[in-house]
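The values are calculated or read from the model by the stated rules, or taken from the named source; none is laboratory data. Source: prediction; values computed, not measured. When we count neighbours, we look across all protein chains shown, and the Cβ atoms used for this are built from the backbone with ideal geometry, even at glycine. Surface areas here come from the heavy atoms of the whole protein model, side chains and all, with no ligands, DNA or RNA. Shrake-Rupley method; radii C 1.70, N 1.55, O 1.52, S 1.80 Å.
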Amino acid sequence: MKKRSLIKKAVFAAIGAFCSITASANVAKVGDTEYPTLQDAFDAVKDMAEPVTVTLLQDIGSETAPAVVAIPECNDEITFDMGGFKVVGGIDTYYSAKVTIKNGAIESYNSDYPIHAKKGHIVLRDITLWSKSAHGVRLEGSENSRITCEIYSGNYDSNGSGYTIYARNYSDLIIYGGTFTDGTHCVNVQSTNTGKI
């Protein structure tokens with residue numbers, strides 16, 4: 001009887017430990033430091049004066065509760081390594097130097113743009129991007145905040161609801177590779193842009 005009681009206690013302790021670990025699992029890291037949200041990780045690096053990598057540790061967001069994350073202006077180059085995971089929602093970048101987004105998937109089910117950039121230098125590598133009701137990548141430069149976007153690889157689809165890639169004003173778009181699938185619109189580069197495919 002005593003032995004059975006000890007086994008039960010051990011099982012419940014193991015279950016309790018697993019549940020507490022699962023409930024407090026962090027979603028992103030910078031170096032060895034983990035953060036409970038992706039936004040917390042990006043906010044932590046905005047004042048760093050050297051290149052840095054933010055790594056996603058699990059899928060985040062959902063169709064009913066999207067994760068809209070802002071990459072703030074930083075002092076140096078930043079890499080967002082998605083680690084093969086997925087963000088449901090959108091990534092806004094107001095970066096003043098260079099940001100690389102790679103190795104993952106971004107899906108948007110509402111009016112959020114999967115990638116929305118207003119200035120800086122954006123590099124996309126091995127990204128699967130899907131948008132139900134907006135442009136897949138929206139670039140909005142201005143005279144004082146020009147933006148360059150380089151696309152190297154990945155699958156890009158705006159589901160026929162917008163342009164897969166939409167670049168306007170003072171935005172430079174350079175496409176080196178990738179697969180672009182769309183029912184009605186694909187890439188729109190307006191007259192004030194430099195477009196290279």
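Do you know which residues across the stretch 118-134 are in contact with a Leu (Cβ under 9 Å, 6 or more places away or on another chain) and modelled with pLDDT under 90?
Within the stretch 118-134, Lys118 is the sole residue that qualifies.
Out of all the residues in the stretch 36-57, is one or more at pLDDT 50 or above, among the basic types (Lys, Arg) and in contact with a Ser or Thr (Cβ under 6 Å, 6 or more places away or on another chain)?
Step one: of the stretch 36-57, the residues at pLDDT 50 or above are 36-57.
When the remaining residues are screened for being among the basic types (Lys, Arg), the result is 46.
Next, only the ones that are in contact with a Ser or Thr (Cβ under 6 Å, 6 or more places away or on another chain) stay: none.
Looking through the stretch 36-57, none of the residues is at pLDDT 50 or above, among the basic types (Lys, Arg) and in contact with a Ser or Thr (Cβ under 6 Å, 6 or more places away or on another chain).
Identify all residues within the stretch 79-98 that are among the β-branched types (Val, Ile, Thr) and farther than 19 Å from Gly141 by Cβ; write none if there are none. Before the answer, list the steps.
The initial filter retains those residues of the stretch 79-98 that are among the β-branched types (Val, Ile, Thr), namely 79, 87-88, 91, 93.
If the condition is that a residue be among the β-branched types (Val, Ile, Thr) and farther than 19 Å from Gly141 by Cβ, then Thr79, Val87, Val88 are the ones that fit.
Among the listed residues Tyr113, Tyr156, Tyr109, identify the single one that is of a type in the set (Phe, Trp, Tyr) and surrounded by fewer than 21 Cβ atoms within 10 Å (Cβ to Cβ). Steps first, please.
Working: Tyr113 fails: surrounded by fewer than 21 Cβ atoms within 10 Å (Cβ to Cβ); Tyr156 fails: surrounded by fewer than 21 Cβ atoms within 10 Å (Cβ to Cβ).
Exactly one residue qualifies, and that residue is Tyr109.
For Ile101, indicate whether it is assigned to a strand (DSSP E or B), closer than 15 Å to Tyr156 by Cα and touching a Leu at 6+ places or on another chain (Cβ under 6 Å).
Details: assigned to a strand (DSSP E or B): yes; closer than 15 Å to Tyr156 by Cα: yes; touching a Leu at 6+ places or on another chain (Cβ under 6 Å): yes.
Against the criterion (assigned to a strand (DSSP E or B), closer than 15 Å to Tyr156 by Cα and touching a Leu at 6+ places or on another chain (Cβ under 6 Å)), Ile101 qualifies.
For the condition open to solvent by 30 Å² or more (accessible area, probe 1.4 Å) and of a type in the set (Val, Ile, Thr), what is the one hit in Ile78, Ile174? Spell out the reasoning first.
Values: Ile78 fails: open to solvent by 30 Å² or more (accessible area, probe 1.4 Å).
Being open to solvent by 30 Å² or more (accessible area, probe 1.4 Å) and of a type in the set (Val, Ile, Thr) holds for just one of Ile78, Ile174, which is Ile174.
Please enumerate the residues belonging to the stretch 120-145 that are open to solvent by 60 Å² or more (accessible area, probe 1.4 Å) and acidic (Asp, Glu).
Asp126, Glu143
Go through (1) surrounded by 18 or more Cβ atoms within 10 Å (Cβ to Cβ); (2) outside any loop (DSSP other than H, G, I, E, B); (3) out of contact with any Lys or Arg (no Cβ under 7 Å at 6 or more places or on another chain); (4) small (Gly, Ala, Ser) for Ala70 and report which single condition fails.
With respect to (1) surrounded by 18 or more Cβ atoms within 10 Å (Cβ to Cβ); (2) outside any loop (DSSP other than H, G, I, E, B); (3) out of contact with any Lys or Arg (no Cβ under 7 Å at 6 or more places or on another chain); (4) small (Gly, Ala, Ser), Ala70 is out only on (1).
Hey, could you check the stretch 31-80 for residues that are among the β-branched types (Val, Ile, Thr) and more than 15 Å from the chain's Cα centre (by Cα) and say which is nearest to Thr100 (Cα to Cα)? Can you show your working first?
Of the residues in the stretch 31-80, the ones among the β-branched types (Val, Ile, Thr) are 33, 37, 45, 52-55, 60, 64, 68-69, 71, 78-79.
With more than 15 Å from the chain's Cα centre (by Cα) added as a condition, the list becomes 33, 45, 52, 64.
On the way: Thr33: 20, Val45: 15, Val52: 11, Thr64: 27 Å.
Of everything passing the filter in the stretch 31-80, Val52 is nearest to Thr100 (Cα to Cα).
Among the residues of the stretch 38-64, write down those that are within 26 Å of Asn110 (Cβ to Cβ) and either open to solvent by 60 Å² or more (accessible area, probe 1.4 Å) or in a strand (DSSP E or B) (or both).
Asp40, Asp43, Val54, Leu56, Gln58, Asp59, Ile60, Glu63, Thr64
Please list, ordered by first then second residue, the pairs with beta carbon atoms under 6 Å, 6 or more apart or interchain, first in the stretch 174-197 and over 11 Å from Ser158 (Cβ atoms) and aromatic (Phe, Trp, Tyr), second in a loop (DSSP other than H, G, I, E, B) and modelled with pLDDT of 80 or more.
Correct list of pairs: Tyr176/Tyr152.
Where residues in the stretch 157-189 are among the β-branched types (Val, Ile, Thr) and more than 21 Å from the chain's Cα centre (by Cα), which of them is modelled with the lowest pLDDT? I'd like the intermediate steps shown before the answer.
Step one: filter the stretch 157-189 for residues among the β-branched types (Val, Ile, Thr), giving 164-165, 174-175, 179, 181, 184, 187, 189.
Then keep just the ones that are more than 21 Å from the chain's Cα centre (by Cα); that gives 184, 189.
On the way: Thr184: 60, Val189: 71.
Checked the stretch 157-189; the qualifying residue modelled with the lowest pLDDT is Thr184.
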